[in-house]
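Read through the structure below, which is laid out as structure tokens, and then see the notes.
Throughout, read-outs are computed from the coordinates displayed, never taken from laboratory work. Just so you know, these numbers come straight off a predicted model, no measurement behind them. Quick reminder, even Gly has a Cβ in these numbers, built from the backbone with ideal geometry, and neighbours come from all protein chains shown.
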Amino acid sequence: MSLEHPQVMMPPPALYLGGLLMGYGIDQALPLPAPAFPGDLWVILALAVIGTTLVLAAAIQLRLARTTLVPHRPASQLLTTGVFRLSRNPIYLGFTALYLAMALNQHSPGMLIMLVPVVWVIQQHVIVAEEAFHAQQFGEQWQAYQQRVRRWL
């Protein structure tokens, strides 16, 4: 049984940044109405705090476990506690919350539009590849974890 981890074509943070930049381009090219609503500042703040907390907590947990933070490198162990008890992908969930906070803060319809393809690429290419690797490497432990914890929330 070969345990080759698939190569991720573009690092996930770059995918999120690319979506923000393409969304900015859409805003410049098309006169779309800017999203704004009462209390949006509190929503933006909450998303930013939640996103930052998820990313930092997951990164710290991965480092303490001495396993990789880099998606295209094989994980040495499966983390199922801490923030990984809430989501199988707390870093991507955190990046998504941060992206959404940025898009709302910029009142950017283009960035909001681009969030859909960014999350689709993360879901269909990055997460699916990672999960296939985890299933191969961690077997029954992965299967039990996958049944117990949702992919996003």
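Annotations for the structure displayed:
- Checking every residue in the stretch 142-152 against the condition of being over 17 Å from PRO12 (Cβ atoms), assigned to a loop (DSSP other than H, G, I, E, B) and among the basic types (Lys, Arg) gives at least one match.
- Candidates ILE91, ILE60 - the one that is assigned to a helix (DSSP H, G or I), farther than 18 Å from TYR16 by Cβ, out of contact with any Cys (no Cβ under 9 Å at 6 or more places or on another chain) and among the β-branched types (Val, Ile, Thr): ILE60
- Number of positions in the stretch 53-96 that are more than 20 Å from VAL128 (Cα to Cα) and in contact with a Pro (Cβ under 8 Å, 6 or more places away or on another chain): 2
- Candidate set: the stretch 34-44, residues that are in contact (Cβ under 8 Å) with a residue 12 or more places away in the chain and assigned to a helix (DSSP H, G or I); chosen: the one surrounded by the fewest Cβ atoms within 10 Å (Cβ to Cβ): ASP40
- The number of residues in the stretch 74-88 being part of a loop (DSSP other than H, G, I, E, B), in contact (Cβ under 8 Å) with a residue 60 or more places away in the chain and more than 26 Å from LEU20 (Cα to Cα) comes to 5.
- Any hit, the stretch 127-139, residues being part of a loop (DSSP other than H, G, I, E, B), of a type in the set (A, V, I, L, M, F, W, C) and more than 24 Å from GLY23 (Cβ to Cβ): no
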